[in-house]
Each structure stands twice: as structure tokens, then as C-alpha cells.
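Chemist: Provided herewith is a single structure, encoded as C-alpha cells, for subsequent inquiry.
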Amino acid sequence: MKKIILTGDRPTGRLHVGHYVGSLRRRVELQNSGEYDEIHIMIADAQALTDNADNPEKVKNNISEVALDYLSCGLDPEKTNILVQSYVSELTELTFYYSNLVTVSRLQRNPTVKSEIQMRGFNASIPVGFFTYPISQTADITAFKATTVPVGEDQLPMLEQAREIVRSFNSTYDEVLVEPKALLPENEICSRLPGTDGKAKMSKSLGNCIYLADDPEDIRKKIMSMFTDPNHIKIEDPGSLEGNTVFTYLDAFCKDELFEEYLPEYQNLQELKDHYTRGGLGDVKVKKFLYNVLMEELSPIQARRKEWEKDIPAVMEILHQGSIAAREVAAKTLSEVKDAMQINYWK
Ligand code: TRP
């Protein structure tokens, strides 16, 4: 069986370093591993509209922003098909047919939907499109017969529901769809990088994100005001690593080789941590190091972004071609789905 990846992002803002360690970095590795027959990355604009119906400009403007982030991180359109969800209208047809196989109570039990409804304060005014987006996401995944879906932990209930729909479809009609498997980030730090304020999650509304495209000077400021150990007041005080955002970021980004260049008194992160917990190591020194570590990773990304930014029409054309290619794949699956359902009358 072919190994096929599908994953995506809602275009509601630029991508930040949490997206980077949680998924972008991994996608580039998967792309370059050569282990996959097809890789599709979707800019899920239609899904973004399920809770931004009154703000289409935001969604539209962020399509090219997200594409720029993808390309600058190293996703290569020669190897990875980048597509825009709304262009592939077959996905909405699939969604409509799949929705007959899902009950309202099953959707209500989906933990991701539940917590997102709460987060957005929808209460009794949940848009139907939003409520049913797990079904639409199943269409995204199955249209490409994806075997592997790299996602964060928060998306596991979505994958579970997708697998259920696939099983239900295949047993009700015919074995057409493929059950996808989630591929989680390698470790816990990468799956939930906290905001610069130490809060659980980076979010635009909390203003605690470092964006991939942030100006280096802004990144420096954000790092310098990062949450550390509030009881580590004097340099001599022993510091705690627990919930210390600067060290969490180092866990996600630091490589041993970088000590030689930026902090030669230490060989590796463990030595730095030991000194910090013993006392005698100030926050500013660690923060400056983190800035260098982060910029080591972000500088090449930012340089590539600057190049792509000069030619937005070319970026949009990559998305256009990717969407056309995606549509062909999705149309084939839709036709098989209709065959199985015995409604492909005029094939
Ligand atoms: N729900 C995902 C998010 O919140 C985006 C997404 C849309 C997606 N369709 C997908 C992820 C299909 C994986 C597979 O970012």
C-alpha cells in the first residue's frame, strides 16, 4: 500500500515557533526522508471559515502568509503538494455523504470540538459548520487516502472520529476508504511549547507568541521578557527548571554544538541546567543564549521568506497548481465513493 501523508493548518494567522517544533520541522524531515509516496499539505481555509464566517479577509490574507511560512521552512513544492482546501469542492461533497454516518451525539462527545466550543464561548450558538468540522476533516484525510496524518495531540479525537467514519463507510458500502493513523510529535515539549509568558499554549489573543517571521529585534525583546523562575531573584539563588519557559525552549531548540560557539563554558544543556539549579547563573545569560540558539534556526528560514515575499504571485501559483493536482486526486476518490454508494448514475 502507498504511504501517503495529509495534514494542514487553518489560515488564521502567521505560524509561530510552537507550530514549528510541533509540526513544521517534522514535515520537512518527513518530506526529505523519501519514505512517502505522496505528501499533501492543506491550507484549510474552508475549515477556518467555520468559526470566522464574518471575517473572510482574515482567512484570505493568511493563505499567503501560511504558504510563505511553509516554503521558508523548507517545504518543497517539487516534493510536497501544497493546496488550498476551498478549491477542492469534492471535499464538501464527501462531507455531505459522510455526515449520514455520524450522529449528533457522537459529535457532541468529540473532546476537541467540546473544548473548542468552550474556548470560543459559543454556548448555544454553535455554527453547524463548526460543529460538523470533524466530518469535513475526515473528507480532507480520506480524499487523499492518507495513511499518515502528522498532527498535535489535540487532534487525536479528530483522527479517532475519522477512523470510525472510514470503518462505517467501508462496512456500509464497500472497502473504498483508508483508515489513517496519527503521527504525533516526537516528544512532549514539541507537542506543547508554552507561550513566552509560561502559559500553557501560544495564542495570538494572549500575545505570547514568537512568530517565525518576527523581526530579530522583537524576538530578542520577547525572549528577554520571558517567564522564568519567579523565585530566582539574585544570581546566586538556586533556580528551578520546572515551568521555566526559557529552559523549555532550550529543550526544544538547543543542540550541543551551539555551546561551543555561543556559550563555551558549558558542553551541553545538562551542564547549563545543573549550574542554574545549583545557583550562580543569571537569567539574562541564559536568555541571551536562547536568543542565539533560536536565531540559528530561524535566520535561514527568515532569509528564505524574504526571497519568497518578493514574488507573492509565484507563491499563489504554487498553491493554484497544488490545488489543481489535489482536485484530481479527490475527484477520483469521490467517484469511487459514489460507485460504492451506487449513486454514480452517469459515469
Ligand atoms: N484542524 C487542523 C487545525 O486545527 C487543520 C486541518 C484541517 C487538518 N484539515 C486537516 C489537520 C486534515 C490534519 C488533517 O490546524
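Chemist: Residue by residue through the range 129-151, note down the ones that are part of a helix (DSSP H, G or I) and either out of contact with any helix residue (DSSP H, G or I) (no Cβ under 9 Å at 6 or more places or on another chain) or more than 8 Å from the ligand (Cβ to nearest atom) (or both).
Modeler: Selection gives Gly129, Phe130, Phe131, Pro134, Ile135, Thr138, Ala139, Thr142, Ala143.
Chemist: Restricting to the range 291-347, name every residue that is β-branched (Val, Ile, Thr) and under 24 Å from the mean Cα position of the chain (by Cα).
Modeler: Val293, Ile301, Ile312, Val315, Ile318, Ile324, Val329 - these are the residues of the range 291-347 that are β-branched (Val, Ile, Thr) and under 24 Å from the mean Cα position of the chain (by Cα).
Chemist: Exactly one of (1) without any contact (Cβ under 8 Å) to a residue 60 or more places away in the chain; (2) under 23 Å from Asn52 (Cα atoms); (3) assigned to a helix (DSSP H, G or I); (4) more than 12 Å from the ligand (Cβ to nearest atom) is unmet by Ala124. Its number?
Modeler: Here Ala124 clears every test but (3).
Chemist: So Gln155 ticks every box in (1) within 13 Å of the ligand (Cβ to nearest atom); (2) surrounded by 20 or more Cβ atoms within 10 Å (Cβ to Cβ); (3) among the polar types (S, T, N, Q) but one. Which box is left unticked?
Modeler: Failed condition: (2).
Chemist: Here is a list of conditions, (1) surrounded by fewer than 22 Cβ atoms within 10 Å (Cβ to Cβ); (2) aliphatic (A, V, I, L, M); (3) over 20 Å from the mean Cα position of the chain (by Cα), and Ile165 meets all of them except one; can you say which number that is?
Modeler: Ile165 satisfies all of (1) surrounded by fewer than 22 Cβ atoms within 10 Å (Cβ to Cβ); (2) aliphatic (A, V, I, L, M); (3) over 20 Å from the mean Cα position of the chain (by Cα) except (1).
Chemist: For Glu93, indicate whether it is surrounded by fewer than 19 Cβ atoms within 10 Å (Cβ to Cβ) and within 12 Å of the ligand (Cβ to nearest atom).
Modeler: Working: surrounded by fewer than 19 Cβ atoms within 10 Å (Cβ to Cβ): yes; within 12 Å of the ligand (Cβ to nearest atom): no.
No.
Chemist: For the subset of the range 2-45 comprising residues that are away from the ligand (no atom under 11 Å from the Cβ) and among the hydroxyl-bearing types (Ser, Thr, Tyr), which member is nearest to Ala146 (Cα to Cα)?
Modeler: Tyr36
Chemist: Taking interchain pairs and intrachain pairs at least six residues apart, which have beta carbon atoms under 7 angstrom, with the first residue in the range 333-344 and among the aliphatic types (A, V, I, L, M) and the second in a helix (DSSP H, G or I)?
Modeler: That search, which allows pairs on different chains as well, returns Leu334/Glu90; Leu334/Glu93; Leu334/Leu94; Val337/Leu94; Val337/Tyr97; Met341/Tyr97.
Chemist: Quick one: which residue in Lys201, Lys181 is closer than 30 Å to Glu65 by Cα, without any contact (Cβ under 8 Å) to a residue 60 or more places away in the chain and not polar (S, T, N, Q)?
Modeler: After applying the criteria, what remains is Lys181.
Chemist: Within the range 167-179, does at least one residue satisfy the condition of being outside any loop (DSSP other than H, G, I, E, B) and either modelled with pLDDT under 95 or within 14 Å of the ligand (Cβ to nearest atom) (or both)?
Modeler: No: the range 167-179 contains no residue that is outside any loop (DSSP other than H, G, I, E, B) and either modelled with pLDDT under 95 or within 14 Å of the ligand (Cβ to nearest atom) (or both).
Chemist: Quick check on my filter: what residues within the range 110-121 are in contact with a helix residue (DSSP H, G or I) (Cβ under 9 Å, 6 or more places away or on another chain) and either in a loop (DSSP other than H, G, I, E, B) or within 11 Å of the ligand (Cβ to nearest atom) (or both)?
Modeler: Residues satisfying the conditions are Asn110, Thr112, Val113, Glu116, Arg120.
Chemist: Further question: Only one of Ile219, Ile141, Ile233, Ile189 is aliphatic (A, V, I, L, M), under 18 Å from the mean Cα position of the chain (by Cα) and more than 30 Å from Leu94 (Cβ to Cβ). Can you tell me which?
Modeler: Details: Ile219 fails: under 18 Å from the mean Cα position of the chain (by Cα); Ile141 fails: more than 30 Å from Leu94 (Cβ to Cβ); Ile233 fails: under 18 Å from the mean Cα position of the chain (by Cα).
Matching residue, one of Ile219, Ile141, Ile233, Ile189: Ile189.
Chemist: Residues that are over 20 Å from Glu153 (Cα atoms), within 16 Å of the ligand (Cβ to nearest atom), among the polar types (S, T, N, Q) and in contact (Cβ under 8 Å) with a residue 24 or more places away in the chain: does the range 62-76 have at least one?
Modeler: Yes, some residue in the range 62-76 is over 20 Å from Glu153 (Cα atoms), within 16 Å of the ligand (Cβ to nearest atom), among the polar types (S, T, N, Q) and in contact (Cβ under 8 Å) with a residue 24 or more places away in the chain.
The values are calculated or read from the model by the stated rules, or taken from the named source; none is laboratory data. Since the model is a prediction, treat every value here as computed from it, not as a measurement. Don't worry about glycine lacking a Cβ; one is built from the backbone with ideal geometry, like all the others, and counts go over all protein chains shown.
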